[in-house]
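The structure appears below as structure tokens.
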Amino acid sequence: MYLDRSYRPRRRRRGIIGRFWPLILLGIVGIILYEQRPTWLVPQPIRPTAIPTRSALAFLADAEAAYQAGNIHAAIEAYQEVARLEPENPAPLAAQSRLYLILQDVPTSLRLAQRAAELAPDDPDVLTTLARALDWTGDYESALNYALDSLEIDPQNATTLAVLGEIYTDVGNWDVAEEYLNEALEVDPQNVTALRNMAYLYEMRGDYEAAIQAYDAAIAAAPNRFDLYIAKGRQYRIGLLDYEKAIESYRQAVAVYESAITLDALGDGLYNMGDHLTAIRELRKAVEMDPNYGPAHVHLGMALYARRNYEDAVPALEKGLNLVGDSARIEQLYTLGLAYIYKDPPECDKAVTWLRKALEIDPESGPALEGLSLCNAR
């Protein structure tokens, strides 16, 4: 068969649709997507990732870590969070109450202990906490009743036995106090409350050497409890009149936990040793750390007065005495009165108020009477 190799078949012409169908298809898809707008095509606003809420257990761990580090304020804050998350749990309230006693804030301690007792009236730890807070307020009868109720529920609770020893120490029945404290230490030789209260018993008896040894034992069991160093320093300063060792102990308290209360103890110790300039420096740091800590203001005012800086002594003493209220001592009251007289210009009208408060405590107070005489002579 003959083949015409020059033959070329004619190409079939494609219409416009045929030639451009891919573009048309893309256009149709685009229109559909624009009209429907699926969520994956529309830009979504950026939302922050939710932060998980911390559990009460996590805050409880924070509280324990802060306490072990000697940071009482941080421990209280953590227990407050536990109480917020578990409002029916008495344990964080009782824990805060015990910590506030270390800070010497007795009214707050009592309030928290009472709230805990409302939630758990039969919990021995709660009852013991309330008993100790009541003891610190001077309500010894109520304190004793709650402590005995706690002991009836848990007869081998070393802390309860230690608190009973503290109560009997405060009422002056030292033999019974020692029996309870010895029993507490038999149950738990490392119980810090029992060790501290044994030292306190020796202090009340006037056996300051034994008290120092007992406070050392408490410090060995709880080296991050700044209040134990302050109590030990008190034995040296007031009991043995050894100011240098007292200052050493106060400096250890500051090293454990620098706060208004430890700086105040150091500053007051320096003042009593006669180092007024260094005392003023430490006390100024104390009031800067906590402007509402009354004792630091009072002690700062006393140190400023000793330096004859009456103008600065007046506001420090007045603020401090207003903060400490009924716990002010007579020498602090008449010192403020005299500072008003000696400042330039003198203000006898204000001085008389404080001098008369001093005379309410001791009508024969020589400095107060002298101050009134100076004002009457003007």
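The values are calculated or read from the model by the stated rules, or taken from the named source; none is laboratory data. Quick caveat, the model's predicted, so the values are computed rather than measured. Ideal geometry is used to build each Cβ from the backbone, glycine not excepted, and the neighbour counts take in all protein chains shown. These area figures cover heavy atoms from the full protein model, side chains too; ligands, DNA and RNA do not enter into them. Shrake-Rupley method; radii C 1.70, N 1.55, O 1.52, S 1.80 Å.
Given +1 on the Cβ of Lys and Arg, -1 on the Cβ of Asp and Glu, and no further charges, what dipole in debye does the chain carry about its Cα centre, rounded to the nearest 20?
Dipole magnitude for the chain comes out near 5140 debye.
Within the chain, what's the longest stretch lacking GluC sites (Glu not before Pro) that sit in DSSP loops with no more than 12 other Cβ atoms inside 10 Å?
89-363
Which of D154, D242, D344 moves the most in a Gaussian network model of the chain with Cα springs under 10 Å?
Ranking D154, D242, D344 by mean-square fluctuation puts D344 first.
Could you state the per residue volume, in Å³, of the convex hull enclosing the Cα atoms of region 229-378?
Expressed per residue, the convex hull around the Cα atoms of region 229-378 is 105 Å³.
Which whole-percent values make up P(r) of region 116-176 when all C-alpha to C-alpha distances are grouped in 10 Å steps starting at zero?
28, 56, 15, 1
Along the three principal axes, how long is region 54-134 when you take its alpha carbons, biggest first, rounded to the nearest angstrom?
Principal axes ranked by extent give 30, 26, 17 Å for the Cα atoms.
Of M289, I219, A177, which is farthest along the charge dipole of the chain in the positive direction, counting Lys and Arg as +1 and Asp and Glu as -1 at C-beta?
Value computed over the given set: M289.
Would you mind calculating the gained length between D326 and E64 on full extension (0.36 nm times residue separation, minus the Cα-Cα distance), in nm to one decimal?
90.9 nm is the gain from fully extending D326 to E64.
Please give the length that would be gained between E248 and S55 if that part of the chain were fully extended, namely 0.36 nm times their separation in residues minus their C-alpha to C-alpha distance (nm, one decimal).
My answer for the length gained is 65.4 nm.
Given N residues in region 329-377, what is Rg(Cα) / (2.2 N^0.38 Å)?
My calculation over the Cα atoms of region 329-377 gives 0.97.
Helix-derived [θ] at 222 nm for the chain: sum -39500 (n - 2.57) over DSSP H runs of at least 4, divide by residue count, nearest 500?
-23500 deg cm²/dmol
At 1.4 Å probe radius, can you tell me the per residue accessible area of the chain in Å²?
57
Run down the aspartates and glutamates and flag those whose C-alpha is under 14 Å from the C-alpha of K285, throwing out any fewer than 8 positions away in its chain.
E258, D264, D268
Per the Kirkwood formula on distinct C-alpha pairs, the Rh of the chain is how many angstrom?
25.5
Would you give the gap between the C-alpha center of region 169-198 and the C-alpha center of region 55-94, rounded to a whole Å?
Distance between centres, Cα-based: 28 Å.
Taking all protein chains as present, what is the carbon and sulfur share of the accessible area of the chain, in % to the nearest whole number, probe 1.4 Å?
So the carbon and sulfur contribution to the accessible surface is 52 percent.
Full-extension gain between S142 and V187, please, as 0.36 nm times their residue separation minus the C-alpha to C-alpha distance.
So the extension gain works out to 13.7 nm.
Working from the pairwise distances between different alpha carbons, so that the mean of 1/r is found and then inverted, what is region 77-216's Kirkwood radius in Å?
Across region 77-216, the inverse of the average 1/r is 15.0 Å.
May I ask you to evaluate 6.51 cos²θ - 1.76 cosθ + 1.60, the Karplus curve with θ = phi - 60°, for each residue of region 304-318 and list the ³J(HN,Hα) values in order in whole Hz, giving x for glycine and proline?
Going residue by residue, I get 5, 4, 4, 8, 6, 8, 5, 4, 7, 5, 4, x, 5, 5, 5 Hz, with x marking Gly and Pro.
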